[in-house]
Amino acid sequence: MSQSIDINVHHLTRVEGHGNIVIKADDGTIEKVEWQVPEAPRFFEAMVRGRSWMDIQTITCRICGICSISHSLASIKATEDAMGIGVSEQTRKLRLLTHCAEQLQSHSLHVGYLAAPDLFGVKSVVPLVASHPDVVKTVIRIHRVSNEWSDLLGGRTTHPITIVPGGHLTPFNENDLRGLKKTIEETTVPDLKTLAEVILSVADKLPAFDRPTEYIALSGPDYYTFYDGDIASSDVDEKVSVREFEKVANEYVSPQSTAKWARWHRESYAVGALARFNINADRLLPLAAETAKKFGLEKGCCNPYMNNVAQVVECVQVCEHGIQLIDELLSAGLKPEERNVTVKAGTGVGCVEAPRGILFHKYTYDEDGICTGANICIPTNENHANIQKDFEVLVPQFIGRGKEELQQMLEMLVRSYDPCISCSAHYLDVKFA
Amino acid sequence: MSKPRVAIFDFACCEGCQLQIVNLEEELLDLISLVQPVAWREAMSESSDEYDIAIVEGSITRPEDEERVKEIRDRAGILIALGACATIGGINKLKNNFDLDEVKRYVYGKDAEMPHLNTAMTKAVDEVVKVDYKVHGCPINRSEFTYIVRCIALGKEPVIPNYPVCVECKKRENVCRFEYGEICLGPITRAGCNAPCPSAGFWCYGCRGCVDDPNVNAAKDIMEKYGKTVEDLMQKMALFGSGQKTEARE
Ligand code: SF4
Ligand code: SF4
Ligand code: SF4
């Protein structure tokens with residue numbers, strides 16, 4: 001069927017940051033398919049130079065308001081790696097617990113406030129307040145608990161204070177942890193079950209679109225990791241140590257444009273909840289595994305729209321894991337800790353799974369602990385090329401459905417990746433028509 | 001009087017301050033009874049160019065953004081700067097300590113010359129247009145934000161603390177960070193956050209900006225008492241104080 005289509009979405013809404021979609025098709029010939037990212041660049045890697053190791057986390061967590069805990073963790077891990085600083089088991093567990101809060105915070109915000117309107121066929125969460133008050137209330141409750149969880153463990157909701165090289169500050173006590181566990185168990189877990197049912201009831205609105213994709217995520221030996229482990233790919237068995245991340249996140253210039261994209265074994269790869277699920281699904285805790293099953297989400301899924309579902313599964317996972325961690329912390333007893341930091345020169349890498357995917361920070365310090373160089377590789381950037389590749393396959397396949405439906409599908413696709421464009425310390429794939 | 005129409009805009013920033021507005025959760029629904037949101041790209045697909053109050057988040061870092069914020073200023077009766085990026089330039093001002101071409105080359109290598117990577121000196125919003133109200137902090141304090149919006153909607157003048165963080169910190173009975181051999185910017189930083197950082201066991205890094213007339217001599221005395229130098233202070237102040245209009249830097 002021949003079709004002339006001209007889609008130009010300037011500043012896509014309900015995503016973090018700025019992104020444009022440009023599609024031009026004339027009489028059935030597709031002339032242009034583009035995902036553009038015109039966000040103002042912020043130059044973090046340049047700005048940290050000359051600053052003390054003590055202040056780097058304070059600076060780099062400001063890369064993104066939504067994943068400030070992940071940036072903080074990647075940052076201090078890099079500093080610890082550079083200086084050979086070790087941490088206690090208590091600190092490690094407190095970090096994992098803080099990180100769980102952020103996954104819940106970010107995913108519930110995305111699924112509940114930003115993606116759900118698409119599934120209900122409305123333009124924002126505002127009309128849902130009137131039409132589906134119970135659903136909105138459930139989402140608000142989940143999100144509020146995740147914020148209280150970050151407040152407690154991180155010292156505040158956004159831009160945590162407690163995440164420091166060599167330790168984890170503890171402005172809370174065992175009773176606070178008990179209270180948190182009770183809230184998660186009694187409120188959030190049931191709320192997540194409700195939310196999962198609601199999303200399941202409208203899941204048929206997620207387009208059926210598969211494109212074989214390379215998925216990349218951290219993979220640890222014994223649990224569904226967001227923090228430990230090596231870099232794994234769905235394409236190969238061999239894993240790569242995080243110190244060698246620059247081998248994985250290869251930047252290259254695409255033949256169609258002058259822009260830089262990231263690739264490993266294929267032209268592009270995807271990171272985020274669906275990538276983690278595809279790599280680590282067999283390590284999900286029981287309730288999370290059951291949730292995945294309800295949606296028919298299985299390892300090997302390559303429908304990018306299912307990232308929304310993988311996020312719901314991970315919400316359940318981090319609550320279950322959070323409860324476990326609190327139990328372990330309580331049975332060991334929460335102790336005040338000394339931090340042992342000896343400043344020395346060196347280069348180090350820190351890697352964690354941010355809600356949107358694998359994240360790397362790399363710093364070099366001189367003998368006074370002053371940062372002399374940095375490289376930060378951010379999940380949204382890693383996904384840009386994959387979004388473009390999805391577009392290129394999706395547009396010819398669905399162009400017959402007409403402009404309106406196609407535009408809706410493309411917007412939903414971008415939102416499925418939950419792109420946090422403000423994160424982009426590097427820009428990727430920008431071309432102005 | 002009909003409800004004032006509010007539009008939210010973002011420039012170079014982490015969008016963490018907008019996130020605090022989302023984080024108001026139920027309270028946001030209360031606020032919507034006082035004001036009507038008409039444009040908020042991060043949360044709504046709907047948008048309108050007619051508004052009474054513009055809330056501007058982020059720093060101004062490109063010539064085209066100066067034009068955009070001027071247009072916003074022209075349309076709005078009241079302009080609120082949201083968060084440190086907007087009120088004082090925030091963390092983005094660290095960039096101003098470097099040569100801008102060098103900064104671009106460092107991050108983008110051989111692509112640094114591409115036009116969309118253009119960057120200029122970071123400016124706070126009031127270095128480009130008139131700002132009527134400032135919501136301080138990185139991120140903003142949620143209750144201070146609702147307080148200021150309520151005041152504006154009801155035609156009252158909000159009262160923002162002009163005393164140092166130390167006042168709030170002492171009320172919370174914290175042991176002073178200087179006692180731990182650290183440097184804390186509490187003595188010169190504007191209160192209103194209730195000192196979450198010293199209360200969590202960390203120093204204040206000055207995200208709310210300086211009080212109007214920082215008592216630099218008192219701060220110097222404290223530094224001396226604890227055997228710290230002015231250079232130590234400057235190193236800490238660079239984070240949120242780069243290019244801040246204050247004598248404290250001298
Ligand atoms: S002031 Fe801080 S929290 Fe707010 S947008 Fe700027 S960097 Fe983010
Ligand atoms: S810790 Fe900081 S804010 Fe608190 S009293 Fe000491 S200098 Fe002031
Ligand atoms: S204590 Fe200082 S750094 Fe912390 S929120 Fe208050 S002003 Fe900002």
Rg/Rh of segment B:123-250 (Cα atoms, Kirkwood Rh), to two decimals, equals 0.99
Work out the P(r) tail for chain B: percent of alpha carbon pairs separated by more than 23 Å, whole number. 54
Tell me the mean residue ellipticity at 222 nm calculated for chain A from its helices only (DSSP H runs of n ≥ 4, each -39500 (n - 2.57), averaged over every residue, nearest 500). -13000 deg cm²/dmol
Between A:LYS344 and B:ASP232, what is the FRET efficiency for a Förster distance of 22 Å, r being their Cβ-Cβ separation, to the nearest 0.05? 0.65
At 7 Å along Cα-to-Cβ for each site, give me the label-to-label distance between B:SER143 and A:LYS239 in nm. 4.6
When you look at the Cβ of every residue in B:92-99, what mean number of other chain Cβ atoms sits within 10 Å? 4
If we sort A:81-91, A:159-169 on the protection proxy, mean other Cβ atoms within 10 Å, highest first, what's the order? A:159-169, A:81-91
Pairs A:LYS239/A:LYS362; A:LYS362/B:LYS104; A:LYS193/A:LYS294; A:LYS137/B:LYS3: which are spaced more than 22 Å apart, C-alpha to C-alpha? A:LYS137/B:LYS3
Could you state the angle between the C-alpha long axis of helix A:89-108 and the longest principal axis of the C-alpha atoms of chain A, as a value from 0 to 90 degrees rounded to the nearest 10? 20
Principal axis extents for segment A:44-424, Cα atoms only, whole Å, descending order, please. 63, 53, 37
So the angle from the long Cα axis of helix A:379-398 to the longest Cα principal axis of chain A, reported in degrees to the nearest 10, equals 20
Taking every Cα atom in the protein assembly as shown, find the radius of gyration and the maximum pairwise distance Dmax, and write them in Å. 23.9, 81
Arrange the residues B:PHE98, A:PHE391 by how much accessible surface each exposes, largest first, with a 1.4 angstrom probe. B:PHE98, A:PHE391
In segment A:44-424, taking the dipole from +1 charges on Lys and Arg beta carbons and -1 charges on Asp and Glu beta carbons about the Cα centre, the listed residue (A:THR291, A:VAL126, A:THR58) farthest towards the positive end is A:VAL126
GNM of chain A, Cα pairs under 10 angstrom: of A:VAL189, A:VAL242, A:VAL198, the biggest fluctuation goes to A:VAL198
Name the cysteines of chain B that stand alone by the Cβ rule: no other cysteine Cβ under 4.7 angstrom. B:CYS14, B:CYS17, B:CYS151, B:CYS166, B:CYS169, B:CYS176, B:CYS184, B:CYS193, B:CYS197, B:CYS204, B:CYS210
FRET efficiency estimate (nearest 0.05) - Cβ-Cβ, B:ASP74 to B:ALA120, R0 25 angstrom: 0.75
Quickly estimate the mean residue ellipticity at 222 nm for chain B, helices only: each DSSP H run with n ≥ 4 gives -39500 (n - 2.57), and the total goes over all residues, rounded to 500. -9500 deg cm²/dmol
In debye, nearest 20: dipole of chain B around its Cα centre with unit charges on the Cβ of K, R (+) and D, E (-)? 500
Just tell me how shielded A:152-160 is by partners: mean number of partner chain Cβ atoms within 10 Å of each residue's Cβ, no decimals. 5
Assign one of three labels to segment A:317-381, namely rounded, prolate or oblate, based on the Cα gyration tensor with a ≥ b ≥ c the square roots of its eigenvalues; rounded applies when a/c is under 1.5, prolate when it is not and a/b is larger than b/c, and oblate otherwise. oblate
Per residue of B:209-222, other chain Cβ atoms within 10 Å number on average 0
Cα long-axis angle, helix A:189-201 against chain A (0 to 90 degrees, to the nearest 10): 10
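The values are calculated or read from the model by the stated rules, or taken from the named source; none is laboratory data. If you're wondering where the values come from, they're calculated on a predicted model, not measured in any experiment. When we count neighbours, we look across all protein chains shown, and the Cβ atoms used for this are built from the backbone with ideal geometry, even at glycine. Accessible surface is based on the protein model in full, side chains and every heavy atom, while ligands, DNA and RNA are left aside. Shrake-Rupley method; radii C 1.70, N 1.55, O 1.52, S 1.80 Å.
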